[in-house]
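Engineer: So that we are looking at the same thing, I have put the structure below in structure tokens.
Quick note: the coordinates plus some simple rules give every number you see, no bench work behind them. Note that the structure is a prediction, hence the values are computed from the model and not measured. Note: ideal-geometry Cβ built from the backbone for every residue, glycine included; neighbour counts use all protein chains shown.
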């Protein structure tokens, strides 16, 4: 019985380690989610990796959308606020991924999970 539990824990640890690289890469804005999406396909797909790919992809789309909207205006305070907001969310996601946790990003994470549920 003890050997079975040990083998099961080793299997979970191996799956977690495989998904951890994908999870961390997914928070590199713009190109990261695309790389992580290709890493998390086929036999290598893990639920942990998929969770963070959805979060990273949503964060990148939010970054691009806000950037395009704010580029029409010359308001430095709004641009700086957007950068701070995206940076904080990205660092939070990176922190949770490196700790092996599947915590959604504050404010937007649950929306990203629902919107990208097929990934």
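Engineer: Compare 31, 80, 61 in a GNM of the chain, Cα atoms joined below 10 Å, and give the one with the largest fluctuation.
Structural biologist: Ranking 31, 80, 61 by mean-square fluctuation puts 80 first.
Engineer: What's the long-distance tail for the chain, i.e. % of Cα pairs beyond 22 Å?
Structural biologist: 38
Engineer: Starting from the 7 Å offset along Cα-to-Cβ, what nm value, one decimal, do you get for the label separation of residue 43 and residue 31?
Structural biologist: 2.8
Engineer: Over the chain, with a Gaussian network built from C-alpha contacts below 10 Å, which listed residue (59, 68, 88) shows the highest mean-square fluctuation?
Structural biologist: Top of the fluctuation ranking is 68.
Engineer: Let me have the 222 nm mean residue ellipticity of the chain computed from DSSP H runs of 4+ only, each contributing -39500 (n - 2.57), with the sum over all residues rounded to the nearest 500. Could you put the intermediate results ahead of the total?
Structural biologist: Details: 5 runs with 87 residues, N = 119.
It comes out at -24500 deg cm²/dmol, rounded to the nearest 500.
Engineer: In the Gaussian network model of the chain, springs joining C-alpha atoms below 10 Å, which of 58, 67, 32 carries the largest mean-square fluctuation?
Structural biologist: Largest GNM mean-square fluctuation: 67.
Engineer: If you line up the long axis of helix 2-25 against the longest principal axis of the chain, both from Cα atoms, how many degrees apart are they, to the nearest 10?
Structural biologist: Roughly 20 degrees between the two axes.
Engineer: Working from Cα positions, state the angle (0 to 90°, nearest 10) between the long axis of helix 76-99 and the longest principal axis of the chain.
Structural biologist: Roughly 0 degrees, rounded to the nearest 10.
Engineer: A further question on this structure: With axes computed from alpha carbons, what is the tilt in degrees of helix 47-70 against the longest principal axis of the chain, rounded to the nearest 10 within 0 to 90?
Structural biologist: 0
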